[in-house]
1. What pairs come up if the first residue lies in the range 119-136 and is farther than 15 Å from K27 by Cβ, the second is among the small types (G, A, S) and surrounded by 15 or more Cβ atoms within 10 Å (Cβ to Cβ), and their beta carbons are under 7 Å apart, counting only those six or more places apart or on different chains?
2. Would you mind finding the one in K27, K103, K63, K57 that is in contact with a strand residue (DSSP E or B) (Cβ under 8 Å, 6 or more places away or on another chain) and at pLDDT 95 or above?
3. Starting from residues that are within 26 Å of K27 (Cβ to Cβ) and in contact with an Asp or Glu (Cβ under 9 Å, 6 or more places away or on another chain), keep the ones in the range 77-91 and report whichever is surrounded by the most Cβ atoms within 10 Å (Cβ to Cβ).
4. Which of the residues that make up the range 66-89 are out of contact with any Phe, Trp or Tyr (no Cβ under 7 Å at 6 or more places or on another chain), more than 17 Å from Y41 (Cβ to Cβ) and not small (G, A, S)?
5. Does A26 satisfy the criteria of being within 28 Å of G136 (Cβ to Cβ), surrounded by 17 or more Cβ atoms within 10 Å (Cβ to Cβ), in contact (Cβ under 8 Å) with a residue 60 or more places away in the chain and not charged (D, E, K, R)?
6. Consider V11 carefully, then state whether it is aliphatic (A, V, I, L, M) and surrounded by 18 or more Cβ atoms within 10 Å (Cβ to Cβ).
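The values are calculated or read from the model by the stated rules, or taken from the named source; none is laboratory data. Just so you know, these numbers come straight off a predicted model, no measurement behind them. Glycine also receives a Cβ, built like all others from the backbone with ideal geometry; neighbour counts cover every protein chain displayed.
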Amino acid sequence: MRYYAVFDTNVLISSLLTKQADTATAKVVDAIPDGVIIPLYNEEILNEYEEVLHRKKFSFSEKRITEVLRLIRQFGLAVNPSPTGEILADMDDLVFYEVVMEKREDDAYLITGNLRHFPRRDYIVTPAEMIDIIAGNSR
């Protein structure tokens, strides 16, 4: 089965920071080239990924940044979201929410490490919850 998902930037950061391939953040990113997760994005999201992943405090190599962005572009789906009118605690996160809402008819998910930044919905999940969903375990 395939799942559409928007990756919050913090999930990509965590996947690049981890040294262990069996962490949930690494597994959800690894599910992209396998065709299990189809990333949803738009230019604003890609620009945020690019800017945040290049921050000096992370010290990610250009090669690793390029690879994760290539995965998202190559295997993902560009979405032009409609405004939802939703008010979030951090309005910078609104684009992630609006992109996922644009594909909710296809059961899209938003994968984040910051659940408190978004409304409580069953399709806004942590990386570990997304792994459980893929494995067929209900939440």
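1. Listed pairs, sorted by first residue: Y123/A108.
2. On the way: K27 fails: in contact with a strand residue (DSSP E or B) (Cβ under 8 Å, 6 or more places away or on another chain); K63 fails: in contact with a strand residue (DSSP E or B) (Cβ under 8 Å, 6 or more places away or on another chain); K57 fails: in contact with a strand residue (DSSP E or B) (Cβ under 8 Å, 6 or more places away or on another chain).
After ruling out the rest, the residue left standing is K103.
3. Only one residue fits best here, namely V79.
4. The answer is P83, I87.
5. On the way: within 28 Å of G136 (Cβ to Cβ): yes; surrounded by 17 or more Cβ atoms within 10 Å (Cβ to Cβ): yes; in contact (Cβ under 8 Å) with a residue 60 or more places away in the chain: no; not charged (D, E, K, R): yes.
For A26, the condition - within 28 Å of G136 (Cβ to Cβ), surrounded by 17 or more Cβ atoms within 10 Å (Cβ to Cβ), in contact (Cβ under 8 Å) with a residue 60 or more places away in the chain and not charged (D, E, K, R) - is not met.
6. Values: aliphatic (A, V, I, L, M): yes; surrounded by 18 or more Cβ atoms within 10 Å (Cβ to Cβ): yes.
So V11 passes the test.
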